[in-house]
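Every number here is computed from the coordinates shown, using simple stated rules; none is lab data. Worth saying up front: this structure is predicted, and the values here are computed from it rather than measured. As a convention, Cβ positions derive from the backbone with ideal geometry for all residues, glycine included, and neighbour counts pool all protein chains shown.
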């Protein structure tokens with residue numbers, strides 16, 4: 001009996017944004033580990049079994065999944081979005097590195113998906129149309145001073161910024177502070193997008209300026225995209241505005 | 001007759017990585033604009049028509065597509081990967097902004113996809129597992145000095161770097177120069193991944209250190225991922241190594 005562990009991205013939530021590759025990986029597994037709401041998205045067969053865990057137990061969940069795979073199970077670890085972007089793939093790799101030798105011999109498969117910032121960007125035009133970065137605003141696993149330094153560096157360098165994990169009950173002030181820092185570096189007219197549940201019936205999209213950006217617009221499932229000084233807004237009569245970052249930069253358009 | 005323009009991401013090339021949403025957008029369109037090799041991936045019906053153009057004609061292609069949509073056609077503009085990441089969505093938006101007023105009234109849909117860096121990262125573990133950026137190395141539309149400045153800023157700030165458009169016949173020296181710059185800022189042991197055609201039969205993946213990174217390993221369709229100082233390599237006997245960037249940063253693991 002040979003175990004296998006697949007770390008699978010289910011995309012932002014719209015079933016039409018799950019790849020066939022991800023569905024195949026789900027069909028081939030028997031034991032499913034993940035955060036409950038992500039597991040709820042799967043339609044499992046009677047022979048398939050779910051092991052739900054809480055949102056902040058990534059490392060324990062990874063170890064349990066690896067242990068099951070090492071015992072011969074076909075295991076699937078599910079993530080929303082893409083598993084390699086602030087999600088389960090890094091936690092599984094970390095558990096492998098720190099775990100017992102046999103875990104290194106396991107077959108590991110990571111199945112990519114559409115990550116939140118791509119889905120949110122698509123709904124608004126092309127705000128990530130030029131150089132951009134993705135930064136987690138969570139200071140659970142890195143010092144806040146490092147986050148501040150990174151925000152200043154990337155904003156100063158002219159990159160569009162996608163913020164993941166912008167806010168939570170345990171981290172209520174970080175996003176507001178991030179906006180305050182960015183207002184020191186970027187024009188206050190810079191477009192800011194709040195995107196949640198992109199492509200789903202409960203989708204929420206807001207476009208504001210950096211001057212007006214209010215942290216309370218976001219929750220933990222929101223992706224916040226902050227434009228660069230080159231990012232543009234096209235007003236459209238009777239339609240939502242388009243936001244895009246031009247392919248050219250650093251000179252006259 | 002009401003026209004519509006869809007800008008659709010076909011993913012990195014593996015048909016199993018195309019979303020159902022993208023296939024639906026293709027099924028609903030009649031006229032297809034794009035770079036020939038991307039159009040070749042589609043199985044079109046007899047009533048559907050393709051308009052292929054060369055790789056560097058994004059703006060002309062966008063204008064032709066918008067003109068057709070304004071004349072009432074259902075138009076699809078195809079991109080590899082995600083259309084919002086160094087691809088057609090920004091070009092279409094730019095054409096709308098600079099184009100005639102009626103183009104702003106068109107229905108515009110952008111359909112996200114799995115972009116190259118996510119597909120390459122998935123094949124190697126989780127190299128984008130923490131803060132990262134995506135930078136185009138093409139100096140066709142921005143000055144090289146700006147690219148240098150961005151590389152120094154993001155490497156110095158500890159972000160993993162995904163390089164798009166790393167090299168071409170017309171831009172032969174830029175990637176080698178980028179590696180030289182990064183060797184001034186990053187440890188020479190930093191992992192560097194060259195990924196091409198991820199998930200396809202002709203997939204090419206190479207893992208080297210920054211010290212050994214050689215620009216001639218890449219071509220224009222390669223995505224190059226350069227780790228941060230925290231990125232780790234797990235050697236596995238009998239299997240390819242895993243590369244991942246830990247979820248924690250800036251302190252002891």
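A label point on residue B:40, set 7 Å along the Cα-to-Cβ line, lies at 4.6 nm from each of its counterparts in the other copies, closest listed first.
Restricting to the protein assembly as shown, what percent of DSSP beta bridges are antiparallel, rounded to 5? If you can, show how the numbers build up before the last one.
Details: 43 of 95 bridges.
Beta bridges within the protein assembly as shown, antiparallel portion: roughly 45 percent.
Axis of helix B:88-98 versus longest Cα principal axis of chain B: the two differ by about 50°, to the nearest ten degrees.
What does the C-alpha gyration tensor say about the overall shape of the range B:117-244? Classify as rounded when a/c is under 1.5, otherwise prolate if a/b is larger than b/c, or oblate. All intermediate terms of the calculation are to be shown ahead of the outcome.
Details: a/c = 1.79, a/b = 1.28, b/c = 1.40.
Here the range B:117-244 falls in the oblate category.
By DSSP, what percent of the beta bridges with both residues in chain A are antiparallel, rounded to the nearest 5? Of the beta bridges lying entirely in chain A, close to 45 percent run antiparallel.
Each copy carries residue A:57; placing its label point 7 Å along the C-beta direction from Cα gives inter-copy distances of 5.8 nm, listed from smallest up. Relative contact order of the range A:4-114: 44 percent, from C-alpha pairs under 8 Å at least 6 residues apart in sequence.
What shape does the range A:1-71 take by its C-alpha gyration tensor, where a ≥ b ≥ c are the square roots of the eigenvalues and a/c under 1.5 counts as rounded, a/b above b/c as prolate, and the rest as oblate?
Numbers: a/c = 1.75, a/b = 1.23, b/c = 1.43.
It is oblate, given that a/c is not under 1.5 and a/b is not larger than b/c.
Shielding value for A:145-155 is 4, the average number of Cβ atoms from other chains within 10 Å of each residue's Cβ. Label-point spacing for residue B:184 across the identical copies (point 7 Å from Cα in the Cβ direction), in nm and ascending order: 2.6.
In this rough spin-label picture, where each label sits 7 Å from Cα along the Cβ direction, the residue A:52-residue A:30 distance is 2.3 nm. As a calculated quantity, the FRET efficiency between residue A:203 and residue A:183 at R0 = 25 Å, using C-beta atoms, amounts to about 0.35.
On the rotation that sends chain A to chain B, the chain A Cβ lying closest to the axis gives residue and distance in whole Å as A:133, 2. Output the 0 to 90 degree angle, nearest 10, between the alpha-carbon long axis of helix A:174-185 and the longest principal axis computed from the alpha carbons of chain A. That works out to roughly 40 degrees. Here the sum of -39500 (n - 2.57) over DSSP H runs of 4 or more residues, divided by the residues of chain A, equals -8500 deg cm²/dmol at 222 nm, to the nearest 500.
Quote to one decimal, in nm, the extra length available between residue B:105 and residue B:216 on full extension: 0.36 nm per residue of separation minus the C-alpha distance between them. Each step should come with its number before you reach the end.
On the way: separation 111, 0.36 × 111 = 39.96 nm, distance 4.58 nm.
The span from residue B:105 to residue B:216 would gain 35.4 nm if fully extended.
Helix A:144-156 and the longest principal axis of the C-alpha atoms of chain A enclose an angle of approximately 50°. Between the alpha-carbon centres of the range A:26-50 and the range B:149-188 there is a gap of 41 Å. For residue B:141 and residue A:40, a Förster radius of 60 Å and the Cβ-Cβ distance give a FRET efficiency of 0.85, rounded to the nearest 0.05.
Each of B:208, A:26 was scored by other Cβ atoms within 10 Å of its Cβ. Listed from fewest to most, they are B:208, A:26. Based on C-alpha pairs under 8 angstrom that are at least 6 apart in sequence, chain A has a relative contact order of 19 percent.
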